[in-house]
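Written below as C-alpha coordinates is the structure these notes are about.
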Amino acid sequence: MKTHFLKKTAIATLALPLIPGGLALAAQEMNLAFTPPLNSHYGDAGRAFAEEIERLSDGEFKIVLQPASAMGGERDVLEGLQIGSVELTLTSTGPIGNFIPEIYALDFPFLFRNYEHAHAVLDGEIGQELLAEFESEGLIGLAWAENGFRHLTNSVRPVETPEDLQGMKIRTMENRVHLETFRELGAAPAPLSWTEVITALQQGTIDGQENPTPILTVNNIWEIQDYLTLTGHVYSPTAVVMSQIYWDGLSEEQQDWFRQAAQAAAQASRESVARIEAEGVELLRENGMQVIEEIDYEQFRAAVQPVYDRFAGEFNGDLLERIRNTQ
Ligand code: EAX
(Lines give C-alpha, C1' and ligand atoms only; values in the text may rest on other atoms or scores of the structure.)
Protein backbone atom coordinates (compact mmCIF):
# COMPACT_ATOMS: atom_id res chain seq x y z
CA MET A 1 0.00 0.00 0.00
CA LYS A 2 2.81 2.39 1.03
CA THR A 3 4.68 1.77 -2.26
CA HIS A 4 1.54 2.45 -4.26
CA PHE A 5 0.99 5.74 -2.41
CA LEU A 6 4.59 6.83 -2.94
CA LYS A 7 4.41 5.97 -6.66
CA LYS A 8 1.17 7.97 -7.04
CA THR A 9 2.68 10.97 -5.24
CA ALA A 10 5.79 10.83 -7.40
CA ILE A 11 3.74 10.81 -10.61
CA ALA A 12 1.54 13.66 -9.38
CA THR A 13 4.62 15.72 -8.51
CA LEU A 14 6.18 15.18 -11.94
CA ALA A 15 2.95 16.35 -13.59
CA LEU A 16 3.18 19.71 -11.84
CA PRO A 17 4.52 22.70 -13.82
CA LEU A 18 8.15 23.18 -12.89
CA ILE A 19 9.53 26.59 -11.91
CA PRO A 20 13.22 27.67 -11.90
CA GLY A 21 15.20 25.74 -9.26
CA GLY A 22 13.26 22.57 -9.94
CA LEU A 23 10.52 23.23 -7.36
CA ALA A 24 7.07 22.27 -8.64
CA LEU A 25 4.04 24.41 -7.70
CA ALA A 26 0.48 23.18 -8.20
CA ALA A 27 -1.46 25.30 -10.71
CA GLN A 28 -3.90 27.62 -8.91
CA GLU A 29 -7.38 26.55 -10.05
CA MET A 30 -10.16 29.15 -10.41
CA ASN A 31 -13.81 28.52 -11.26
CA LEU A 32 -15.43 30.54 -14.05
CA ALA A 33 -19.24 30.24 -13.76
CA PHE A 34 -21.97 31.00 -16.30
CA THR A 35 -25.60 29.99 -16.94
CA PRO A 36 -25.60 28.83 -20.60
CA PRO A 37 -24.25 25.38 -21.54
CA LEU A 38 -20.66 24.78 -22.67
CA ASN A 39 -21.62 24.68 -26.40
CA SER A 40 -22.66 28.33 -26.35
CA HIS A 41 -21.25 31.83 -26.92
CA TYR A 42 -20.52 31.87 -23.16
CA GLY A 43 -18.62 28.59 -23.48
CA ASP A 44 -16.58 30.06 -26.35
CA ALA A 45 -15.78 33.08 -24.19
CA GLY A 46 -14.87 30.88 -21.23
CA ARG A 47 -12.51 28.73 -23.31
CA ALA A 48 -10.81 31.83 -24.71
CA PHE A 49 -10.35 33.17 -21.18
CA ALA A 50 -8.92 29.86 -19.94
CA GLU A 51 -6.50 29.44 -22.85
CA GLU A 52 -5.20 33.01 -22.56
CA ILE A 53 -4.64 32.99 -18.80
CA GLU A 54 -2.93 29.59 -18.93
CA ARG A 55 -0.72 30.83 -21.78
CA LEU A 56 0.19 34.13 -20.10
CA SER A 57 0.83 32.53 -16.70
CA ASP A 58 2.71 29.56 -18.17
CA GLY A 59 0.35 27.19 -16.40
CA GLU A 60 0.46 29.00 -13.02
CA PHE A 61 -3.34 29.51 -13.23
CA LYS A 62 -5.89 26.96 -14.46
CA ILE A 63 -9.52 27.93 -15.18
CA VAL A 64 -12.25 25.39 -14.43
CA LEU A 65 -15.32 26.21 -16.54
CA GLN A 66 -18.62 25.84 -14.61
CA PRO A 67 -21.35 26.02 -17.33
CA ALA A 68 -25.13 25.53 -17.24
CA SER A 69 -25.73 27.25 -13.89
CA ALA A 70 -23.51 24.64 -12.13
CA MET A 71 -22.73 27.26 -9.43
CA GLY A 72 -26.20 28.86 -9.39
CA GLY A 73 -28.06 31.63 -11.18
CA GLU A 74 -26.38 34.89 -12.16
CA ARG A 75 -27.45 36.76 -9.03
CA ASP A 76 -26.33 33.88 -6.74
CA VAL A 77 -22.94 33.76 -8.48
CA LEU A 78 -22.39 37.51 -8.06
CA GLU A 79 -23.08 37.07 -4.33
CA GLY A 80 -20.62 34.15 -4.41
CA LEU A 81 -17.94 36.43 -5.86
CA GLN A 82 -18.55 38.93 -3.08
CA ILE A 83 -17.93 36.31 -0.35
CA GLY A 84 -15.20 34.43 -2.23
CA SER A 85 -17.03 31.15 -2.89
CA VAL A 86 -16.69 31.78 -6.65
CA GLU A 87 -13.65 33.34 -8.34
CA LEU A 88 -14.90 34.43 -11.80
CA THR A 89 -18.09 34.71 -13.83
CA LEU A 90 -19.47 35.63 -17.23
CA THR A 91 -22.84 37.22 -16.49
CA SER A 92 -25.46 39.24 -18.32
CA THR A 93 -26.12 42.66 -16.79
CA GLY A 94 -29.59 41.37 -15.79
CA PRO A 95 -29.00 41.13 -12.02
CA ILE A 96 -26.04 43.54 -11.81
CA GLY A 97 -28.18 46.65 -11.40
CA ASN A 98 -29.33 45.26 -8.04
CA PHE A 99 -25.71 45.57 -6.88
CA ILE A 100 -24.57 48.59 -8.96
CA PRO A 101 -27.54 50.79 -10.05
CA GLU A 102 -25.50 52.67 -12.68
CA ILE A 103 -25.37 49.46 -14.73
CA TYR A 104 -29.13 49.73 -15.27
CA ALA A 105 -28.23 52.41 -17.84
CA LEU A 106 -27.22 49.59 -20.20
CA ASP A 107 -30.56 47.82 -19.86
CA PHE A 108 -32.90 50.44 -21.33
CA PRO A 109 -35.21 49.39 -24.17
CA PHE A 110 -34.38 50.49 -27.71
CA LEU A 111 -31.37 52.48 -26.44
CA PHE A 112 -28.65 50.84 -28.55
CA ARG A 113 -28.99 51.34 -32.31
CA ASN A 114 -26.98 48.23 -33.34
CA TYR A 115 -23.92 46.16 -32.39
CA GLU A 116 -21.49 48.79 -33.63
CA HIS A 117 -23.11 51.38 -31.34
CA ALA A 118 -23.05 48.98 -28.37
CA HIS A 119 -19.37 48.15 -28.91
CA ALA A 120 -18.44 51.83 -29.30
CA VAL A 121 -20.11 52.59 -25.94
CA LEU A 122 -18.71 49.59 -24.04
CA ASP A 123 -15.19 49.80 -25.48
CA GLY A 124 -15.04 53.56 -24.89
CA GLU A 125 -15.07 55.90 -21.90
CA ILE A 126 -18.57 54.97 -20.72
CA GLY A 127 -17.85 51.24 -20.68
CA GLN A 128 -14.66 51.76 -18.71
CA GLU A 129 -16.41 54.10 -16.24
CA LEU A 130 -19.09 51.46 -15.63
CA LEU A 131 -16.53 48.66 -15.14
CA ALA A 132 -14.82 50.82 -12.51
CA GLU A 133 -18.14 50.98 -10.58
CA PHE A 134 -17.94 47.23 -9.83
CA GLU A 135 -15.19 47.68 -7.22
CA SER A 136 -17.63 49.42 -4.84
CA GLU A 137 -19.34 46.03 -4.42
CA GLY A 138 -16.30 43.77 -3.96
CA LEU A 139 -16.38 42.88 -7.67
CA ILE A 140 -13.79 43.56 -10.37
CA GLY A 141 -15.29 44.33 -13.80
CA LEU A 142 -12.61 43.08 -16.20
CA ALA A 143 -14.24 43.52 -19.63
CA TRP A 144 -17.46 43.69 -21.62
CA ALA A 145 -18.28 40.49 -23.51
CA GLU A 146 -21.57 39.95 -25.33
CA ASN A 147 -24.90 38.19 -24.91
CA GLY A 148 -26.66 39.94 -27.83
CA PHE A 149 -29.84 41.80 -28.74
CA ARG A 150 -32.79 40.27 -26.92
CA HIS A 151 -35.90 39.01 -28.75
CA LEU A 152 -39.30 37.89 -27.49
CA THR A 153 -40.68 34.32 -27.57
CA ASN A 154 -44.07 33.04 -26.37
CA SER A 155 -46.60 30.26 -26.86
CA VAL A 156 -49.86 32.24 -26.82
CA ARG A 157 -50.01 34.22 -30.06
CA PRO A 158 -47.80 35.98 -32.60
CA VAL A 159 -46.73 39.34 -31.13
CA GLU A 160 -46.64 42.17 -33.71
CA THR A 161 -47.75 45.15 -31.59
CA PRO A 162 -47.78 45.95 -27.84
CA GLU A 163 -51.50 45.20 -27.98
CA ASP A 164 -50.68 41.54 -28.64
CA LEU A 165 -48.76 41.42 -25.34
CA GLN A 166 -51.67 42.43 -23.10
CA GLY A 167 -51.75 40.26 -19.95
CA MET A 168 -49.14 37.83 -21.28
CA LYS A 169 -46.95 36.40 -18.49
CA ILE A 170 -43.42 37.19 -19.69
CA ARG A 171 -40.34 36.16 -17.72
CA THR A 172 -37.82 38.93 -17.35
CA MET A 173 -34.44 38.86 -15.69
CA GLU A 174 -34.30 40.15 -12.12
CA ASN A 175 -33.95 43.66 -13.45
CA ARG A 176 -36.14 46.69 -12.56
CA VAL A 177 -35.76 48.34 -15.97
CA HIS A 178 -36.78 45.18 -17.85
CA LEU A 179 -39.66 44.57 -15.43
CA GLU A 180 -41.01 48.13 -15.94
CA THR A 181 -40.48 47.84 -19.70
CA PHE A 182 -42.75 44.80 -20.01
CA ARG A 183 -45.26 46.31 -17.58
CA GLU A 184 -45.48 49.39 -19.79
CA LEU A 185 -45.93 47.12 -22.82
CA GLY A 186 -49.03 45.69 -21.11
CA ALA A 187 -47.56 42.29 -20.24
CA ALA A 188 -47.52 40.68 -16.78
CA PRO A 189 -43.73 40.47 -16.15
CA ALA A 190 -42.36 37.66 -13.94
CA PRO A 191 -38.72 38.19 -12.77
CA LEU A 192 -36.98 34.80 -12.56
CA SER A 193 -33.42 33.46 -12.49
CA TRP A 194 -32.59 31.66 -15.74
CA THR A 195 -32.32 28.42 -13.72
CA GLU A 196 -36.15 28.46 -13.36
CA VAL A 197 -37.17 29.55 -16.87
CA ILE A 198 -37.26 26.30 -18.87
CA THR A 199 -39.32 24.51 -16.18
CA ALA A 200 -41.69 27.49 -15.87
CA LEU A 201 -42.25 27.48 -19.65
CA GLN A 202 -42.76 23.70 -19.65
CA GLN A 203 -45.29 23.95 -16.82
CA GLY A 204 -47.05 26.94 -18.41
CA THR A 205 -46.61 29.16 -15.34
CA ILE A 206 -45.20 31.74 -17.75
CA ASP A 207 -46.20 32.30 -21.40
CA GLY A 208 -42.94 33.63 -22.76
CA GLN A 209 -39.47 34.98 -22.18
CA GLU A 210 -36.93 37.16 -23.95
CA ASN A 211 -33.31 36.41 -24.80
CA PRO A 212 -30.72 36.80 -27.59
CA THR A 213 -30.79 34.32 -30.47
CA PRO A 214 -27.71 32.38 -29.22
CA ILE A 215 -29.53 31.64 -25.92
CA LEU A 216 -32.67 30.59 -27.84
CA THR A 217 -30.84 28.19 -30.17
CA VAL A 218 -28.55 26.58 -27.58
CA ASN A 219 -31.61 25.84 -25.39
CA ASN A 220 -33.71 24.40 -28.29
CA ILE A 221 -36.32 26.96 -27.29
CA TRP A 222 -38.52 25.78 -30.20
CA GLU A 223 -39.38 22.72 -28.11
CA ILE A 224 -41.35 24.90 -25.66
CA GLN A 225 -42.11 28.15 -27.52
CA ASP A 226 -44.14 28.64 -30.73
CA TYR A 227 -43.63 32.29 -31.65
CA LEU A 228 -40.52 34.46 -32.00
CA THR A 229 -40.73 38.23 -32.51
CA LEU A 230 -37.46 39.87 -33.49
CA THR A 231 -37.97 42.87 -31.23
CA GLY A 232 -34.27 43.44 -30.41
CA HIS A 233 -35.77 45.47 -27.56
CA VAL A 234 -32.66 45.45 -25.35
CA TYR A 235 -28.93 45.03 -26.03
CA SER A 236 -27.59 42.53 -23.44
CA PRO A 237 -23.89 42.88 -22.55
CA THR A 238 -22.05 40.12 -20.71
CA ALA A 239 -19.67 41.26 -17.98
CA VAL A 240 -16.45 39.38 -17.23
CA VAL A 241 -16.25 39.72 -13.45
CA MET A 242 -13.72 38.58 -10.79
CA SER A 243 -14.07 38.40 -7.04
CA GLN A 244 -12.07 41.24 -5.45
CA ILE A 245 -10.97 38.80 -2.74
CA TYR A 246 -8.93 36.89 -5.35
CA TRP A 247 -7.99 39.98 -7.36
CA ASP A 248 -6.35 41.62 -4.35
CA GLY A 249 -4.15 38.52 -3.95
CA LEU A 250 -2.63 38.95 -7.42
CA SER A 251 0.52 40.85 -8.35
CA GLU A 252 0.20 43.73 -10.84
CA GLU A 253 1.63 41.50 -13.54
CA GLN A 254 -0.88 38.74 -12.75
CA GLN A 255 -3.74 41.26 -12.71
CA ASP A 256 -2.70 42.36 -16.18
CA TRP A 257 -2.87 38.71 -17.34
CA PHE A 258 -6.48 38.51 -16.12
CA ARG A 259 -7.39 41.75 -17.90
CA GLN A 260 -5.87 40.43 -21.14
CA ALA A 261 -7.67 37.09 -20.75
CA ALA A 262 -10.96 38.97 -20.21
CA GLN A 263 -10.39 40.90 -23.44
CA ALA A 264 -9.83 37.59 -25.25
CA ALA A 265 -13.13 36.33 -23.80
CA ALA A 266 -14.93 39.49 -24.92
CA GLN A 267 -13.62 39.18 -28.47
CA ALA A 268 -14.47 35.47 -28.64
CA SER A 269 -18.03 36.09 -27.43
CA ARG A 270 -18.67 38.83 -30.01
CA GLU A 271 -17.37 36.60 -32.82
CA SER A 272 -19.49 33.72 -31.53
CA VAL A 273 -22.68 35.85 -31.35
CA ALA A 274 -22.14 37.08 -34.91
CA ARG A 275 -21.58 33.51 -36.17
CA ILE A 276 -24.60 32.05 -34.36
CA GLU A 277 -26.91 34.94 -35.32
CA ALA A 278 -26.06 34.50 -39.01
CA GLU A 279 -27.96 31.19 -39.07
CA GLY A 280 -29.85 31.30 -35.78
CA VAL A 281 -33.23 32.67 -36.88
CA GLU A 282 -33.39 30.22 -39.80
CA LEU A 283 -32.64 27.34 -37.40
CA LEU A 284 -35.48 28.46 -35.13
CA ARG A 285 -37.83 28.74 -38.12
CA GLU A 286 -36.78 25.33 -39.49
CA ASN A 287 -37.62 23.83 -36.09
CA GLY A 288 -41.18 25.06 -36.30
CA MET A 289 -41.23 28.54 -34.75
CA GLN A 290 -43.33 31.23 -36.44
CA VAL A 291 -40.96 34.19 -36.77
CA ILE A 292 -42.30 37.77 -36.85
CA GLU A 293 -39.49 39.85 -38.31
CA GLU A 294 -41.10 43.25 -38.70
CA ILE A 295 -42.67 45.18 -35.83
CA ASP A 296 -43.87 48.78 -35.55
CA TYR A 297 -40.85 50.08 -33.63
CA GLU A 298 -42.44 53.49 -33.08
CA GLN A 299 -45.40 51.87 -31.29
CA PHE A 300 -43.04 49.90 -29.04
CA ARG A 301 -40.77 52.91 -28.38
CA ALA A 302 -43.74 55.11 -27.48
CA ALA A 303 -45.10 52.44 -25.12
CA VAL A 304 -41.82 52.22 -23.15
CA GLN A 305 -41.09 55.98 -22.98
CA PRO A 306 -42.43 56.13 -19.36
CA VAL A 307 -39.55 53.82 -18.35
CA TYR A 308 -37.09 56.57 -19.35
CA ASP A 309 -39.16 59.24 -17.61
CA ARG A 310 -39.25 57.16 -14.43
CA PHE A 311 -35.62 56.01 -14.21
CA ALA A 312 -33.52 58.49 -16.14
CA GLY A 313 -33.21 60.79 -13.13
CA GLU A 314 -31.55 58.00 -11.14
CA PHE A 315 -28.30 58.10 -13.08
CA ASN A 316 -25.37 60.38 -12.58
CA GLY A 317 -25.73 63.25 -14.97
CA ASP A 318 -26.47 62.58 -18.58
CA LEU A 319 -25.35 58.93 -18.85
CA LEU A 320 -28.25 57.91 -21.07
CA GLU A 321 -27.72 60.95 -23.33
CA ARG A 322 -23.99 60.16 -23.55
CA ILE A 323 -24.85 56.61 -24.59
CA ARG A 324 -27.36 57.85 -27.18
CA ASN A 325 -24.87 60.37 -28.59
CA THR A 326 -22.01 57.88 -28.92
CA GLN A 327 -21.24 57.31 -32.63
O1 EAX B 1 -26.71 35.39 -19.37
O2 EAX B 1 -30.98 35.13 -17.66
C3 EAX B 1 -30.93 35.46 -18.87
O4 EAX B 1 -31.95 35.63 -19.57
C5 EAX B 1 -29.55 35.65 -19.49
O6 EAX B 1 -29.68 36.17 -20.79
C7 EAX B 1 -28.83 34.31 -19.54
O8 EAX B 1 -28.72 33.82 -18.22
C9 EAX B 1 -27.43 34.46 -20.12
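The values are calculated or read from the model by the stated rules, or taken from the named source; none is laboratory data. All figures in this text were calculated on a predicted structure; none of them were measured in a lab. Quick reminder, even Gly has a Cβ in these numbers, built from the backbone with ideal geometry, and neighbours come from all protein chains shown. Each accessible area value is taken on the protein alone, full model and side chains, heavy atoms only, with ligands, DNA and RNA left out. Shrake-Rupley method; radii C 1.70, N 1.55, O 1.52, S 1.80 Å.
Numbers for the structure displayed
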read-out: Residue within the range 234-251 that is in contact with a strand residue (DSSP E or B) (Cβ under 6 Å, 6 or more places away or on another chain), touching a residue at least 12 places away in the same chain (Cβ under 8 Å), part of a helix (DSSP H, G or I) and closer than 20 Å to residue 66 by Cβ present; value: yes
read-out: Test: residue in the range 221-230 that is surrounded by fewer than 20 Cβ atoms within 10 Å (Cβ to Cβ), under 21 Å from the mean Cα position of the chain (by Cα) and in a strand (DSSP E or B); value: yes
read-out: Number of positions in the range 83-101 that are over 17 Å from residue 173 (Cα atoms) and open to solvent by 10 Å² or more (accessible area, probe 1.4 Å); value: 4
read-out: Qualifying residues in the range 125-178 (those that are of a type in the set (Asp, Glu), farther than 20 Å from residue 112 by Cα and more than 15 Å from the chain's Cα centre (by Cα)) - the one most open to solvent (accessible area, probe 1.4 Å); value: 163
read-out: Every residue from the range 212-252 that is within 11 Å of the ligand (Cβ to nearest atom) and more than 25 Å from residue 160 (Cα to Cα); value: 237, 238, 239
read-out: Inter-residue pairs, beta-carbon under 8 Å, first farther than 19 Å from residue 164 by Cα and open to solvent by less than 20 Å² (accessible area, probe 1.4 Å) and in the range 187-209, second in a loop (DSSP other than H, G, I, E, B) and away from the ligand (no atom under 12 Å from the Cβ), 6+ apart; value: 197/206; 200/206
read-out: All positions within the range 275-298 that are among the small types (Gly, Ala, Ser), part of a helix (DSSP H, G or I) and in contact (Cβ under 8 Å) with a residue 40 or more places away in the chain; value: 280
read-out: Residue among 129, 79 that alone is within 16 Å of the ligand (Cβ to nearest atom), among the acidic types (Asp, Glu) and not in a strand (DSSP E or B); value: 79
read-out: Residue in the range 273-286 that is at pLDDT 95 or above and within 28 Å of residue 99 (Cα to Cα) present; value: yes
read-out: Test: residue in the range 100-118 that is more than 16 Å from the ligand (Cβ to nearest atom), within 25 Å of residue 255 (Cα to Cα) and of a type outside the set (A, V, I, L, M); value: yes
read-out: The range 36-55 - residue that is in a helix (DSSP H, G or I) and open to solvent by 30 Å² or more (accessible area, probe 1.4 Å) and, of those, farthest from the ligand (Cβ to nearest atom); value: 55
read-out: Enumeration of residues in the range 269-314 that are of a type in the set (A, V, I, L, M) and exposed (fewer than 12 other Cβ atoms within 10 Å of the Cβ); value: 278
